[in-house]
1. Would you check which residues across segment 501-535 are farther than 16 Å from H559 by Cα and either of a type in the set (K, R) or in a strand (DSSP E or B) (or both) and list them?
2. Looking only at segment 388-428, how many residues end up being touching a Lys or Arg at 6+ places or on another chain (Cβ under 8 Å) and assigned to a loop (DSSP other than H, G, I, E, B)?
3. What helices (runs of 4 or more DSSP H), lying completely within segment 171-254, carry at least 1 residues that are buried (at least 20 other Cβ atoms within 10 Å of the Cβ) and either small (G, A, S) or without any contact (Cβ under 8 Å) to a residue 24 or more places away in the chain (or both)?
4. Do we find that N508 is more than 29 Å from N366 (Cα to Cα) and modelled with pLDDT under 95 in this structure?
5. Scan segment 282-296 for residues that are outside any helix (DSSP H, G or I) and among the acidic types (D, E) and jot them down.
6. Please state which of the following conditions G464 fails to meet, knowing it meets all the rest: (1) open to solvent by less than 10 Å² (accessible area, probe 1.4 Å); (2) within 15 Å of S415 (Cβ to Cβ); (3) among the small types (G, A, S).
7. Considering segment 399-430 alone, what residues qualify as being of a type in the set (A, V, I, L, M) and either within 16 Å of L715 (Cβ to Cβ) or open to solvent by 20 Å² or more (accessible area, probe 1.4 Å) (or both)?
8. Could you list, in sequence order, the residues of segment 478-495 that are assigned to a loop (DSSP other than H, G, I, E, B) and small (G, A, S)?
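The values are calculated or read from the model by the stated rules, or taken from the named source; none is laboratory data. It should be emphasised that the depicted structure is a prediction, and the values quoted were computed from it without experimental measurement. Heads up, the Cβs are rebuilt from the backbone with ideal geometry, glycines too, and the neighbour counts pull from every protein chain shown. For accessibility, only protein heavy atoms count, side chains too; no ligands or nucleic acids. Shrake-Rupley method; radii C 1.70, N 1.55, O 1.52, S 1.80 Å.
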Amino acid sequence: DRQTLVAVLQFLRRSNLRESEEILRREARLLGDDLGGSVATVASSSPGVAAVAAVPPGKGGARAGTAGSLPGAGGSPLRAGPVVVSDCIFASSFRLSYKLLLHGNAFAVGGGVVVEDQPDVSAVLSAYNQQGDPTLYEEYYSGLKHFIECSLDCHRAELSQLFYPLFVHMYLELVYNQHESEAKSFFERFHGDQECYYQDDLRVLSSLTKKEHMKGNETMLDFRTSKFVLRISRDSYQLLKRHLQEKQNNQIWNIVQEHLYIDIFDGMPRSKQQIDAMVGSLAGEAKREANKAKVFFGLLKEPEFDVPLDDEDEEGENEEGKPKKKKPKKDSVGSKSKKQDPNAPPQNRIPLPELKDSDKLDKVMNMKEAARRVRLGPECLPSICFYTFLNAYQGLTAVDITDDSSMIVGGFADSTVRVWSVTPKKLRSVKTAADLSLIDKESDDVLERIMDEKTASELKILYGHSGPVYGTSFSPDRNYLLSCSEDGTVRLWSLQTFTCLVGYKGHNYPVWDTQFSPYGYYFVSGGHDRVARLWATDHYQPLRIFAGHLADVTCTRFHPNSNYIATGSADRTIRLWDVLNGNCVRIFTGHKGPIHSLAFSPNGRFLATGATDGRVLLWDIGHGLMVGELKGHTDTIYALRFSRDGEILASGSMDNTVRLWDAVKAFEDLETDDFTTATGHINLPENSQDLLLGTYMTKSTPVVHLHFTRRNLLLAAGAYSSQ
């Protein structure tokens, strides 16, 4: 990407890093002194360019995570240390400007992290200088439109994808070159032809009417710096190319070359329905290469336990040192095989915390509960227990429920975090240090004695944030609670003392979501700065920074094996990141609005996602394909959860309903043959109504959280709204 290269060279020159500039210039075979204007030659095939070419956000996931070590693996967490480009090292004085992370424009070279400065705005926009006659733009566009509309049906659907990106770039080109009246007329004439799911983007675009407006507009900059990806069959592409060359329509051909990435595949063109299912994100579809990497989606081997039959010998002979699993996700009777799942990551791929005695005790309890679990299915739907927050005038913004369903937490817009006990057992704090010193530490009931009965209550309020609390998450062992807020921090609270232990500061803007790993210790956060961060509870700095989304990271989820993290974003894509090395290993496009909920199936093979478009999409993680679409909700889906054995998917929405879907049926007989995987020709069933098992209305309560208890009772939560 020549623009980016020039911007980096300009930055090096401004920073007086002459030596580095020379090396980069030699590597990239860039000659000539005039950095701002034309650059003499760029030998695009040279290995040097490949080594330092920037990876724009839409292209395979730019990243700022390296294969640095995770704590516990004997190494220190990822730090912004010296930055390596080829064989020159600039010291940390190379400003790791967070602005750039906002634009996801990081590129990795070798093992170090190279984070380029925010691409020079003028360099980015200067591509719009080479424009043709402004009065002919409407003619060019309508000529192409006429050609596409008159082409054969099989090509028309594919070539119609060009309308939107060409419209945006031609409009921006007119505005940049100060042909304001032509731009206005162009916009008014053609904006009605664009697909309905681009309406929000067009609204932003319509406000950019002067060159000055473009400089500070992030949406615009993203559109410029990331190539819009279109997936088109070879036949359709040849047709388009021939037409543009015959008509000598260089203006449009230049935009196609400069700003679009056309992912060409061999085979039948896709139908309108197949294309509509996959498009709609800020930067077009994902390239097929983006979803080719191997993903270990299997589960880690469960620690082996002798479950005591009676309740006396609670401890049992437990095996030491196996990683902790939040839920025994498989069937507790038949499939508890000791074999390693062939798709599972190596047991020690990432360091996981050791099991404590209390964890083992909890696992035994969990297995006993699992033995009494209800087997759900179309004939046996779960009972639903709804927790309604009444008089929540503080504004309920987040909810979480502990794995054993004993506590519920609410995050509120008045910046408080409130924890309730939902069992008869009240919440108690540990006694003061003076009182603790009087306790006999050898007694059997020492864990009971350290609790202060005087503090017992069913509600505890935690104060500390200075803005609305947007995300909450209990640790699997129920000793800790995370909360994230508009104030840019994530706080870790102790549920023994009900005080704040740590405030993690890394995000500079609101943090929209946070979640503990199913094994505890690690947690993830995502926010308005467009990146997700991986943390460990005992480190002040993030261990990984996952950069690549083009807009806010709105929700985050750990894979059941804790080796991967899924993030949903307002750029309408979902990304799957590898915790080990920070790479983006999957990009899923298809939603037509910001993503607000994510859920992994208990076996780790599938991901369900919900968004403001009211659709639940189902993804096969191994093949990187969309395998289902569940339509029924009429508003944003804020909650998704699979039942403990994965037979049922529950979805909760702002339309005041909980819906239950048949997950077994949705995932059976999947056509994931090599052709489908290679071309993305997905065939979704016409109607998802036969997968809908039930719809449950609340009186006037939007559903913000869902949780299946260990025995498969469904708990739902939300705040009553009187409107």
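1. L501, V502, G503, Y504, K505, V511, W512, G527, R530, V531
2. 5
3. Qualifying helices (runs of 4 or more DSSP H): 180-190, 234-246.
4. Yes, satisfied.
5. Answer for segment 282-296, where residues must be outside any helix (DSSP H, G or I) and among the acidic types (D, E): just E285.
6. The number of the failed condition is (1).
7. V399, I401, M407, I408, V409, A413, V419, V422, V430
8. Listed by number, the list holds a single entry, G488.
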